[in-house]
Amino acid sequence: MHHPLRPVLFPVRPHPGESLASLLARTADSNNYDNAGWLVDVIGATRRQHLWTAANVEAAARLLGLAADDVASRAYLRKGEVRNFLGHRLRDRALEKEAYKHCPKCLADHGYHRATFDLVAIDACPRHECRLASACHRCGKPYLRSQLLFECYACKADRRNAPVQAVPPERLQGTAWLARLAGFGAIRWQDVPAALAHLSLDELSELLITLGALDLGVSLSGGAYTAIRRAGDKFAVLQAGYDAVSVWPEGFRAFLREVSARNNARRRRGSPGDLGRLWSIVSSEEREPWLTLRHQVAAYIAGEWSGIVTGPTAATVEQWLGQPLPYVPLEELRARVGRSERVWNALVLSGIVKTHRAREPGGRRVVALDRASLDAVCPSGQPLIGLKEMALHVGLPFKLAQRLVAAGVIPPLLGPSRSGAARLKNHFFARPQIDAFVQGLIASPRIDSTRLNKTWSFKSLMKAQEAAGVDPADVLAAIRNRRLPAFSTSGASEGLGGLAFDGTQARRLLAELQEAGSGDVVSVAWACRLLGVHSSVVHALVKAGHLDRMGSGKWIRLSRRSVEAFNAEWIACQHVAPNHKVTSLALNRALLKVEGIGVLPVAARHRSPFYRRADIARLPLVDLLQRPRKRPRHQPSDRKR
């Protein structure tokens with residue numbers, strides 16, 4: 001129910017920087033009203049002052065005999081998302097809505113409540129260097145804006161006699177900056193530096209709170225004012241923010257460096273850093289001081305910070321810097337490789353793609369990938385390729401490409417021929433490495449093909465190489481070193497399949513390499529021809545350790561020297577039997593009856609063992625293999641004759 005409007009018989013003069021709640025309380029006291037709530041009821045407004053409308057402000061102005069604009073600035077009238085705070089434009093979250101804070105000494109000295117104390121960030125009086133009180137020191141009831149100014153409505157205790165909790169002056173510089181900018185009056189603290197003098201009260205307070213919360217390890221989730229409400233000592237947050245911007249902006253990188261080291265120490269105790277949240281705050285504003293702050297934070301993240309930012313934060317940092325960060329998230333590895341999870345793990349575990357292990361700004365432990373090592377094997381748009389794709393890419397038949405891979409001429413990035421974490425069932429190749437291999441061969445200067453003898457293709461050359469038992473790596477080295485010139489009529493479009501060579505020069509090169517003892521790697525087929533046995537026998541000799549295997553993988557390559565040394569000492573029955581026109585089994589039965597001969601059994605399923613050449617050479621094989629004449633079954637009797 002509204003009381004009839006009565007004029008104020010004894011109006012009071014407002015003080016500079018006085019809040020409307022204080023002005024109403026003093027007016028009620030001078031007119032002998034019980035409390036200021038009666039005047040609020042006369043105005044027809046709610047006692048929750050932050051909900052007042054423009055009509056309430058005009059009614060209060062008529063009642064107090066003041067200008068409507070003056071009352072609106074003292075009532076913090078809201079227009080849209082901002083409030084009018086003594087002529088300053090402040091966001092709604094920057095002002096207290098329920099808490100009513102006082103300085104006991106200011107009440108005793110001046111007799112009114114300062115509007116500056118209604119700022120959320122202000123929790124201490126910079127003039128008297130003491131904490132503000134928001135509840136009665138005797139009964140603990142909170143102060144209300146609708147009650148009298150000096151007395152507690154519950155226990156009638158005088159607020160001016162409340163005990164004072166002193167705050168060291170060296171912790172109040174940040175509070176003093178905001179108080180002076182809010183019109184607190186003459187105080188002994190220094191002014192805001194010229195580099196920040198252009199900032200408004202709202203901008204400066206949010207800057208100090210953000211940096212102070214970051215420095216003290218207070219989480220920035222929910223925004224700056226949520227962080228300062230969460231903090232224990234608000235003036236400590238403002239002081240930390242003051243220390244951060246005391247040398248602005250030159251010393252800000254050093255501040256970030258110190259905060260990062262301090263947060264790393266806090267993180268072990270469960271308090272995560274919040275650099276990513278800071279970036280999300282500064283990247284959402286297109287005004288100062290956030291533009292300067294954004295540049296400093298982005299440069300620090302990209303150049304000095306030991307942590308990792310991922311997701312939208314990384315994208316905005318890269319956009320602001322105009323260059324990519326030195327690491328990428330794991331999701332990009334999956335997109336680039338285009339293979340199964342086993343391939344991703346093999347790339348990381350083998351060290352082919354290096355990793356960065358750190359924590360995100362939110363404290364979650366993450367693993368990011370080194371961009372340079374990932375670009376070296378999987379550039380964007382060039383996934384890993386298999387053996388068949390590699391053969392098509394270089395322009396070779398599949399079996400020839402398979403043989404070159406087995407010989408180690410074309411090393412795979414991953415596959416069965418690799419060891420350790422890079423070993424997989426199938427071969428995988430990196431396009432940049434294959435392109436570099438092909439370019440090294442087709443970069444030979446073109447020669448006049450009309451002056452050549454019969455030409456050989458690359459396939460013919462490698463076939464002759466295998467027959468000669470020459471190491472294919474030596475042949476490719478000769479092509480790369482121009483020892484065997486190559487020419488191509490199709491350029492690099494057909495890869496190695498488009499290369500051609502002079503047949504005479506190719507034969508001469510293979511003969512020279514063979515004579516020089518080159519080609520220590522031979523195939524199983526070559527060993528079979530030399531030993532005169534089946535391939536299964538050669539595999540058994542390799543498994544028993546009599547022949548040396550070169551490399552690892554699905555395709556077996558043998559050491560030429562070990563095969564020749566074995567052939568010089570041992571000989572198989574299959575190799576000797578045709579010279580004496582007997583079967584290998586018959587020769588084997590005859591040799592097993594001879595004592596003192598060296599025998600090398602291969603395996604249980606191979607019935608024909610190897611024998612020592614020296615022992616075979618000294619044996620009279622002709623006599624051993626001579627068959628006895630058989631007696632006729634029915635011989636005529638002499639008696640009948």
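Miscellaneous remarks
- Take 425-434, 28-37 and order them by the average number of nearby Cβ atoms within 10 Å per residue, most first; the result is 425-434, 28-37.
- Highest average packing first - 237-246, 61-70, Cβ atoms within 10 Å: 237-246, 61-70
- Rounded to the nearest 20, the Cβ-based charge dipole of region 20-171 about its Cα centre (Lys and Arg +1, Asp and Glu -1) stands at 280 debye.
- In the context of the full set of protein chains, region 20-171 has a per residue accessible area of 43 Å² (1.4 Å probe).
- Taking amide H as placed 1.01 Å from N in the peptide plane, the amide H of VAL521 sits under 5 Å from that of ASP471, ARG560, each at least 5 places away or on another chain.
- Under-5 Å amide H pairs with VAL602, H placed in peptide plane, nonlocal only: PHE610
- Under Karplus coefficients 6.51, -1.76 and 1.60, residue-wise ³J(HN,Hα) of region 327-337 in Hz, glycine/proline x: 9, 10, x, 4, 4, 6, 4, 5, 5, 6, 5
- Shape call, region 20-171: gyration tensor on alpha carbons, a/c limit 1.5: oblate
- Span from the region 51-67 Cα centroid across to the region 154-176 one, whole angstrom: 31
- Amide hydrogen proximity for ARG83: with H placed 1.01 Å from N in the peptide plane, the residues at 5 or more positions away or on another chain lying under 5 Å are LEU90, ARG91, ASP92.
The values are calculated or read from the model by the stated rules, or taken from the named source; none is laboratory data. As the structure is a computational prediction, the values presented were derived from the model and not from experiment. Methodologically, a virtual Cβ is constructed for each residue, glycine included, from the backbone with ideal geometry; neighbour enumeration extends over all protein chains shown. Keep in mind that these areas ignore ligands, DNA and RNA; they rest on the heavy atoms of the full protein, side chains included. Shrake-Rupley method; radii C 1.70, N 1.55, O 1.52, S 1.80 Å.
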